[in-house]
Amino acid sequence: MPAIEVQRQMLPLLNSPNQGARFYNPDLPETEPFVPGHRTCAGCGPSIQYRMTSKASGDNTILVGPTGCMYVANSSYLCTPYNVPWAHTQIGSAGSFTAGVAAAYEAMIRKGKWKGAYPNIICEAGDGSASDIGLASISGALYRNHDCLIICYDNEQYANTGIQASSRTPYGGMTTFSPPGPMIPEAKKLFPKDLARMMAAGHPHCYVATASVGYPIDLMNKVRKGLNHKGAAYLMVYTPCQKGFVYETPRSIDLGRLVVECGLYPMWEWNPEQREFDYSFRPASMRPVSEYLKLQGRFGHLQAEHIATLQRFANQQWHMMGVELPEPLIRAADAKNLAAMASAEAAAVVAQTV
Amino acid sequence: MATVLGKKKTVRINGCVAAAQAAKYADVDVIAAYPIRPYTATMMALAQMVANGELDAEYIVADSEHSQLSIAHGASSSGARVFTGSSGVGVHFAFELYSPISGSRMPVQMMIADRTLDPPGDFGSEHTDALATRDMGWLMGWSCDAQEAFDNHLMGYRIGEDPRVLLPQMVCQDGFFVSHITSEVDLPDPGQVKEFLPPYKHPYPLDPRHPVSHGPQIMPEQGPPLQLERARAMEGSMPVIEEIHEEFAKIFGRRYDPWIEEFMTDDADVVFFLQGAHAVTGRYAIRHMRERGAKVGLVRLRTFRPYPTDRVREVLSKFKVVGVIETNMGLGSVSSGGSLYAEVCGALYESDRRPLVHSFMAGMGGEAIVLKEFYWMTQKMLEAQKRGKIEKRTHWVGFED
C-alpha cells in the first residue's frame, strides 16, 4: 500500500489595526474549544491565554496539558472545559508526550489508519514545566521538529503548588521559595532564564516567538503562525497570575501591556527561514519598570537599589531590541533617582518578627 | 512505504533481535528509542528495518527514558501501536510514567533486557530493574530464550490491547543470557500474524472528531473507584491471558502454559522456583542430578503480573522444599534476600501442605549460575527435607560452604 500524503491545515492571520485590538474584534473565530465553568481564579492570565490560543487553533486540535495550574484548576474529573481532545501528562513530559501524539498522527495518516487533515497539536506547559523539569523533553521535541506548537504560559512561578520560584521568576520577585528577609532583602536574587531565546538559538529551524495576553490579536496570530509552520514551534506567553503577583483582579490585561511597555518582556519573533530575530514590535509607549512593579504585591518589598537593578535589566532588553533609550529611563536606572516601594519598610518589620 | 513481511522461515537471531522482529510483525506505528545496554540492540535492529523500508513507523530517538515512556504514552493515547524498551537504571529513570500509562489504560509495550542497577551497574542481568515496577499496573513476565521472547511480544500486544484488558506490558528477558545469545527462531507467516493480532483500536483515543479528556484532576473521593477499576482490569486479564495463549497455540503451533512451566516435577520432592534464562541451565543441572537419583525438579514462572497466586499454591504444595532463585535485590525485605520469596510464601500461606521455602541469592550481578551452584542449592534443599526444617531462610550462593 502506498503511503498517504499528510494534509496539513493553513489558518489565516487576523487583521489588527494596532497589533492588539483590546476588546471585541470582528475577525475573532466563533469556536470555543475552551469553555467557561472551570475553577481558575477571576482574571487568571493563563486561562485567558488558553481561550485565545484554542480559539486561534480551532476545532481540529488536540491539547496536551502537563501538570501545572492549567491542569489542576481546569480539568476537574468528569467536568473538563475542553471541547477538543485533551490529555494530561506529567510535568516533565510536556515535549515528549506531545511528540508522541504528533508521531502517532504522522504514522496513522500515512498508513491509512486515520483519515483527515493533520490536527493542530498544542502543548500548554507552565513555566515550571517549560523552564525547569520539562526543559529537556521540550528541547527534544523542538530538535526533532515534530509538527506541533509548544506554548509556555509564563506566570513566572509554580502557581499550582502555592507560588514557588521557578527559573522564570524575575529578580526581586517574592514567592514562598524566595521570600524577602533581612539577609535577602530583594527576595529572588537570580535573573530569569532567557527561555525563549534559548529555544530559538538551540532550535533555529523552529518558529519561536514571545507574546503577551495584553496583545490578544498578536498572540492569536503567533499561535497561527506557529501552527502553520511545518515542524515544531515554540511560543512563550506572558500570563499574569493574580494570586502570585498579588494585584487587583481587573488589571491582568493592563499588566500584559505594562510588562512590554516597561521593557521587561520583549516581544519578538524568530524567523526560521531567514534565521534571524524580528525585533520590530514596538509598544505604544515606553515606561519605567516602577510603573509595572508598583501594581504588584510580589514586588512590595523592593528598595530603590533593587528597582534600579531591574531598570538596568529592562534597559538591556531595550538595547537588544534596537531601541534608543530615552533620558528618563537612563536616569531611572540609578537608585539615587528612585524611592523604595511604599510598603518596603513595613515589609522589613514584618520579616523581623517571623 | 508500508511494512514488508517475508515468508515463514527459521532464522538465527538473539533475544534483542527477536523482540525487534516481533515489533515489526506487529507493524508498530511509533517506536521510542534511547540507548542503554543491553536492550539497545533491539532498537538498533528496528532503526535498520525503518532505514531499509521494511517497517513503516515513526522512529524517535528520545532525549531520555522518561521521554521515551512519555512519547509512548502520547502515541498510544492517540491510537497508535507503540513499542519502547529499556534496561537497568533506564527502566527506573522512566519510573514516573508507569502508573499514568496503566492508569489511562494505554497498552504500551516495553521490552526489557534486564541489567543490574547501580551499583554494581555492570552489564549483567538482575531482575530488580523491572521487578521494582511490579505494582504499577503493567502486565509482566519473563522469557527464557529468543523464540519465547518473540512469542511473548506478539502475545503481549494481543493481550494488552484486548478491550477487556487495556493494560501496558513489560515483556522481559534476561540481559545477555537471552538478549545476546543467538538461537533458532521461527518467524511466522504474515497471514498467521494477521489472524492472531488485529489492528490496535483504543475505544477513546485523542481524536478531534470525538473529543475526550484523558487523565483529569481527581478528588480524593473519586480515587477509590478508579483504583478499583484498574485492579479489576489486572485481575480480569487472567482468563483473557489463558484464552489468548490457547489461540496462539492453535495458530502458531507453539503451546505455552501462560503461568508456570514445570520441568521434571512429576515425582519431585524438592524444586527450584525461578524466572527467566537461568531455567535453561537449571534444566540441564536437573537432568544430571536426576541421573544421580535426586528427586529434584524446576518450576519456572512465566507471568509475574498478574501473579497466578492460586496456581503457584497448587503447584508448589505438591513438594517438600522450594528453592526460590531470586536474581533480584530485595534489600531489607521479608527474607532479606530477594523480593520473589515473599510472592511465593504469600501464595503458599493458604495451603494446608506448605513446603519449606529457601531464598537463594544466585545470579547476582548478572553472573551465570553454574552447574556446581545448582548442585549446591539442591544439596541444601535435600538437607532441609531430611531435617524437616530449613537451616536458614536466605543463602547467598557462593559465599557459604
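None of the figures in this text is laboratory data; all of them are computed from the coordinates on show. Keep in mind that what you see is a predicted model, and the values were worked out from it rather than measured. Glycine gets a Cβ as well: all are built from the backbone with ideal geometry, and neighbour counts include every protein chain shown.
Quick notes on this structure:
- On a per residue basis, the convex hull of the C-alpha atoms belonging to the range B:1-71 measures out at 84 Å³.
- Burial ordering of B:Lys372, B:Lys389, A:Lys243, fewest other beta-carbon atoms within 10 Å first: B:Lys389, B:Lys372, A:Lys243
- Separation of the range B:233-310 and the range A:266-331, taken as the distance between their Cα centroids, equals 70 angstrom.
- For chain B, the alpha carbon convex hull comes to 145 Å³ per residue, rounded to a whole number.
- Difference of contour (0.36 nm per residue) and Cα-Cα distance, B:Glu262 to B:Val370: 36.8 nm
- Sequence-separation-based contact order of chain B, relative, with Cα cut under 8 Å and 6+ spacing, percent: 15
- Across peptide A:70-80, the average count of Cβ atoms from other chains found within 10 Å of a residue's Cβ is 4.
- Relative contact order of the range A:45-285, defined on C-alpha pairs under 8 angstrom at six or more residues apart (%): 19
- Listed by chain and number, the lysines whose alpha-carbon sits under 30 Å from that of A:Lys189, ignoring those within fewer than 8 places in the same chain, are A:Lys243, A:Lys294, A:Lys336.
- Theoretical FRET efficiency, 1/(1+(r/R0)^6), r = Cβ-Cβ of B:Thr10 and B:Arg292, R0 30 Å, to 0.05: 0.25
- For the range A:160-218 versus the range B:81-96, the spacing of their alpha-carbon centroids is 32 Å.
- Sites B:Leu117 and B:Val61 - FRET efficiency at Förster radius 22 Å, r taken between beta-carbons, to 0.05: 0.40
- Packing-based exposure ordering (other Cβ within 10 Å, fewest first) of A:Ser212, A:Ser76, A:Ser252, B:Ser67: A:Ser76, A:Ser252, A:Ser212, B:Ser67
- Karplus-derived HN-Hα couplings along the range A:148-165 (A = 6.51, B = -1.76, C = 1.60, θ = phi - 60°), whole Hz, x at Gly and Pro: 7, 10, 10, 9, 9, 7, 9, 9, 6, 4, 7, 8, 4, 8, x, 6, 10, 5
- Inter-chain shielding of A:136-143 (mean C-beta neighbours from other protein chains, 10 Å cut-off): 4
- Amide H contacts of B:Arg302 (H built 1.01 Å from N, in plane; Pro and chain starts excluded): B:Ile260, B:Glu261 sit under 5 Å, all sequence-distant by 5 or more or on other chains.
- Karplus-derived 3J(HN,Hα) values for the range A:34-48, using 6.51 cos²θ - 1.76 cosθ + 1.60 with θ = phi - 60°, are 10, 9, x, x, 8, 9, 6, 5, 4, x, 4, x, x, 6, 4 Hz; glycine and proline are entered as x.
- The ranking of B:Ser70, A:Ser285 from fewest to most other beta carbons within 10 Å of each one's beta carbon is A:Ser285, B:Ser70.
- Once you reduce the range B:130-179 and the range A:100-146 to the center of their Cα atoms, the two points are 27 Å from each other.
- For the range B:268-401, the alpha carbon convex hull comes to 103 Å³ per residue, rounded to a whole number.
- Reference-scaled alpha-carbon Rg (2.2 N^0.38 Å with N residues) for chain A: 1.00
- Helix A:304-320 axis, angle to chain A major axis (alpha carbon atoms, nearest 10°): 40
- Exceeding the 27 Å Cα-Cα cut-off - candidates A:Lys193/A:Lys225; A:Lys55/B:Lys201; A:Lys55/A:Lys111; A:Lys55/A:Lys115: A:Lys55/B:Lys201; A:Lys55/A:Lys111
- Projected over every direction and averaged, the convex hull enclosing the alpha-carbon atoms of the protein assembly as shown yields 36.5 nm².
- Peptides B:375-382, A:125-132 ordered by average Cβ neighbours within 10 Å, highest first: A:125-132, B:375-382
- Pairs of Cα atoms nearer than 8 Å and 6+ residues apart set the relative contact order; for the range B:260-396 it is 26 percent.
- The modelled label-to-label distance for the pair A:Thr161/A:Glu276, using points 7 Å beyond Cα in the direction of Cβ, is 4.2 nm.
- Inverse of mean 1/r across different Cα pairs in the range A:70-219, Kirkwood, Å: 17.1
- Linear extension gain, A:Ala342 paired with A:His205, 0.36 nm per residue minus alpha-carbon span: 44.6 nm
- Karplus-based coupling profile of the range A:114-121, in residue order and whole Hz: 9, 10, x, 6, 3, x, 6, 10, with θ = phi - 60° in 6.51 cos²θ - 1.76 cosθ + 1.60 and x standing for Gly or Pro.
- DSSP H segments from chain B that extend 27 Å or more along their own axis, Cα-based, with Kyte-Doolittle mean of 0.5 or above: none
- FRET efficiency estimate (nearest 0.05) - Cβ-Cβ, A:Arg39 to A:Ile4, R0 45 angstrom: 0.60
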